[in-house]
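Structure record follows, encoded as structure tokens.
The values are calculated or read from the model by the stated rules, or taken from the named source; none is laboratory data. It should be emphasised that the depicted structure is a prediction, and the values quoted were computed from it without experimental measurement. Note: ideal-geometry Cβ built from the backbone for every residue, glycine included; neighbour counts use all protein chains shown.
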Amino acid sequence: MRRRKRPSDGRVAAGGDATPPLPGLEPSPAVAPPAAHIESDASRKYSPSKLDTYRDCPCRYRYRYVDHLRREVASVEAYLGTCVHRALQKLYEGISHGRKSSLDETLGMFEAEWDAGWSSDVLIKNVAYTPENYRAVGRECVRSYYEAQQPFDRDKTVAVEKRLGFPLVCGGEQFRIEGFVDRLALAADGTFEVHDYKTSGSLPSQEDLDQDWQLGIYDIAVRHNWPDARAVRLVWHFVRFGKDMASVRGFDQRQRLQEDVAALILSIKHDHEFVPRRSALCGWCEYREICPLWAHAERVKSLSPRQRHRDDGVKLVDEYGALESKKRDLREKLRELETDQQSIEEALIAFADRQGWQGIAGSEGEVVITEKEEYRFPTRTHAPEAYEEIERELKVTSLWKDVSRLDAHRLMDGYRRGEWDAQAMQALSEMLARHSSHIELVKKRILRFHRKEAEDS
Ligand code: SF4
């Protein structure tokens, strides 16, 4: 499918994840003003790419699907994907009608698509490459796919660019999950195959694909539309690499996926903030000039160097960055001093041991050496198995109540992520409501300085 899909680097910066409001708790008005109310999402229909947009960035979702702000900007990567998809779509439409195009004809379809739609508005982020470089990549994608699949008799094409969906009940309401499959085919053994063309320049691991939502959703859709389907195979064609990969989902995985999709739809429905989520995707986002995280950067980009240096925001960030650099240098210096001090400590201990002394005098003071015993326990990070074993053993003793304590951060983090089952979440929600007079939700402003090189990469 030619929906934009790029690996997220998982970075979440200022803003971060939206925290669901606790029952009965409001942010302290003295700390942060309440966020402006944003219309909630009124959708009844969700495609896998629409759901992915929310998972990647709720703010981008809001602009596109709640505010319906249309942008005609296409990245060159998306454009290349569209042209390759259209050429392969035409190829299979011909095959379905008894006409198999040659490789040259299929390449011609790709070229025709490219020429018909190309405009200088297509965004090339990496200026080291020209449109011709991308066109050549597209041609190679078509060629490698064609050569790998010919003579195109491994399966029977059921449909290309097929709309597929199924109904899903979330929170007592009915929604429809629906999208387009690049190609749906029937293998010789009767297995339905969902084929997806990928033109991206990265190859995911098998583990990543076994977790993939998009095609997992189409697996459910195929079974809904053809209840007699004996088996469904999900097939990705990574055409830049000439590599095909497949995944088969079990009953439990499909159930879990439906639950996850329902939970995500409910989160979208309850979201009134649509907090921006900074990630590598921002580089391709069409809403940067209005996004709260990037609007200033976009504005100063158009200023002359002189105007830029006079901009209040730029001045403040430059000062902030300079202080961050100084702090980093001082931390580095401190680390060096600690290393030096450690070697002197070792020399002092050796000297004291040789002499049998516990106090060593200097010109301006003395160092006293004492001995102390301490236990080093395994940590959850460095030795999780040993840590868990000790924890397990302690839990069944009366000691546990004295040595364990509430981890409020962990508790609220799990609540925010909706990590536990519905019963546990409900119990927690009720508990939080009961103690709402003692638990304060404070919104803090966290500033993080991002160096430019990191952003641009
Ligand atoms: S620029 Fe980034 S944070 Fe802003 S809306 Fe787009 S994806 Fe979200």
Next item on the list: Considering every residue within region 178-190, establish whether at least one is modelled with pLDDT of 95 or more, part of a loop (DSSP other than H, G, I, E, B) and within 16 Å of ASN225 (Cβ to Cβ).
Entry: no
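Rundown of residues vs (1) within 15 Å of the ligand (Cβ to nearest atom); (2) at pLDDT below 95; (3) surrounded by fewer than 20 Cβ atoms within 10 Å (Cβ to Cβ); (4) within 19 Å of the chain's Cα centre (by Cα), yes/no style:
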{"residue": "ARG4", "(1), (2), (3), (4)": "yes, yes, yes, yes"}
{"residue": "ALA14", "(1), (2), (3), (4)": "yes, yes, yes, yes"}
{"residue": "ALA32", "(1), (2), (3), (4)": "no, yes, yes, no"}
{"residue": "SER49", "(1), (2), (3), (4)": "yes, yes, yes, yes"}
{"residue": "PRO58", "(1), (2), (3), (4)": "yes, no, no, yes"}
{"residue": "ASP67", "(1), (2), (3), (4)": "yes, yes, yes, no"}
{"residue": "GLN89", "(1), (2), (3), (4)": "no, no, yes, no"}
{"residue": "GLU93", "(1), (2), (3), (4)": "no, no, yes, no"}
{"residue": "HIS97", "(1), (2), (3), (4)": "no, yes, yes, no"}
Check: Pick from region 218-245 the residues that are part of a loop (DSSP other than H, G, I, E, B) and among the basic types (Lys, Arg): which of them is farthest from the chain's Cα centre (by Cα)?
Finding: ARG230
Checklist line | Checking VAL137 against (1) without any contact (Cβ under 8 Å) to a residue 40 or more places away in the chain; (2) surrounded by 14 or more Cβ atoms within 10 Å (Cβ to Cβ); (3) assigned to a helix (DSSP H, G or I), the condition it does not meet | finding: (1)
Check: Has region 159-172 got any residue that is surrounded by 12 or more Cβ atoms within 10 Å (Cβ to Cβ), out of contact with any Cys (no Cβ under 9 Å at 6 or more places or on another chain), farther than 30 Å from ASP41 by Cβ and at pLDDT 95 or above?
Finding: yes
Check: Which condition breaks for GLY321 when tested against (1) in contact with a Phe, Trp or Tyr (Cβ under 6 Å, 6 or more places away or on another chain); (2) farther than 30 Å from CYS57 by Cα?
Finding: (2)
Next item on the list: Please go through region 72-130 and pick out each residue that is acidic (Asp, Glu), in contact (Cβ under 8 Å) with a residue 12 or more places away in the chain and either out of contact with any helix residue (DSSP H, G or I) (no Cβ under 7 Å at 6 or more places or on another chain) or not in a helix (DSSP H, G or I) (or both).
Entry: GLU72, GLU77, GLU93, GLU111, ASP121
Check: Which number in (1) assigned to a helix (DSSP H, G or I); (2) free of Cβ contacts under 8 Å to residues at least 40 places away in the same chain; (3) hydroxyl-bearing (Ser, Thr, Tyr) marks the one condition that SER144 misses?
Finding: (2)
Margin query: Among the residues in region 387-398, are any under 30 Å from HIS296 (Cα atoms) and not hydrophobic (A, V, I, L, M, F, W, C)?
Written below: no
Check: Considering only helices (runs of 4 or more DSSP H) fully contained in region 246-321, which possess at least 1 residues that are within 16 Å of the ligand (Cβ to nearest atom) and in contact with a helix residue (DSSP H, G or I) (Cβ under 6 Å, 6 or more places away or on another chain)?
Finding: 251-270, 295-301
Note to self: Checking the structure you have, find out if any residue of region 142-154 is in contact with a Cys (Cβ under 6 Å, 6 or more places away or on another chain), surrounded by 11 or more Cβ atoms within 10 Å (Cβ to Cβ), farther than 30 Å from ALA262 by Cβ and of a type in the set (Gly, Ala, Ser).
What the structure shows: no
Note to self: Quick check on this structure: which one of ALA78, ALA128 is buried (at least 17 other Cβ atoms within 10 Å of the Cβ), modelled with pLDDT under 95 and among the aliphatic types (A, V, I, L, M)?
What the structure shows: ALA78
Check: Taking interchain pairs and intrachain pairs at least six residues apart, which have beta carbon atoms under 9 angstrom, with the first residue in region 251-280 and at positive phi and in contact (Cβ under 8 Å) with a residue 24 or more places away in the chain and the second within 16 Å of the ligand (Cβ to nearest atom) and part of a loop (DSSP other than H, G, I, E, B)?
Finding: PHE274/ALA18; PHE274/ILE38; PHE274/ASP41; PHE274/CYS57
Next item on the list: Collect the residues in region 194-251 that are closer than 30 Å to PHE110 by Cβ, out of contact with any Pro (no Cβ under 7 Å at 6 or more places or on another chain), of a type in the set (Gly, Ala, Ser) and at pLDDT below 95, keeping them in residue-number order.
Entry: SER200, GLY201, GLY242
Next item on the list: Only residues that are among the charged types (D, E, K, R) and either in contact with a helix residue (DSSP H, G or I) (Cβ under 8 Å, 6 or more places away or on another chain) or loosely packed, with under 15 Cβ neighbours inside 10 Å (or both): list them for region 216-245, please.
Entry: ASP219, ARG223, ASP228, ARG230, ARG240, LYS243, ASP244
Next item on the list: Being closer than 30 Å to ALA361 by Cβ and either of a type in the set (Lys, Arg) or exposed (fewer than 10 other Cβ atoms within 10 Å of the Cβ) (or both) narrows it down to one of ARG335, ARG331, ARG306, so name that one.
Entry: ARG335
Checklist line | Every residue from region 390-402 that is surrounded by fewer than 10 Cβ atoms within 10 Å (Cβ to Cβ) and of a type outside the set (Gly, Ala, Ser) | finding: ARG392, VAL396, LYS401, ASP402
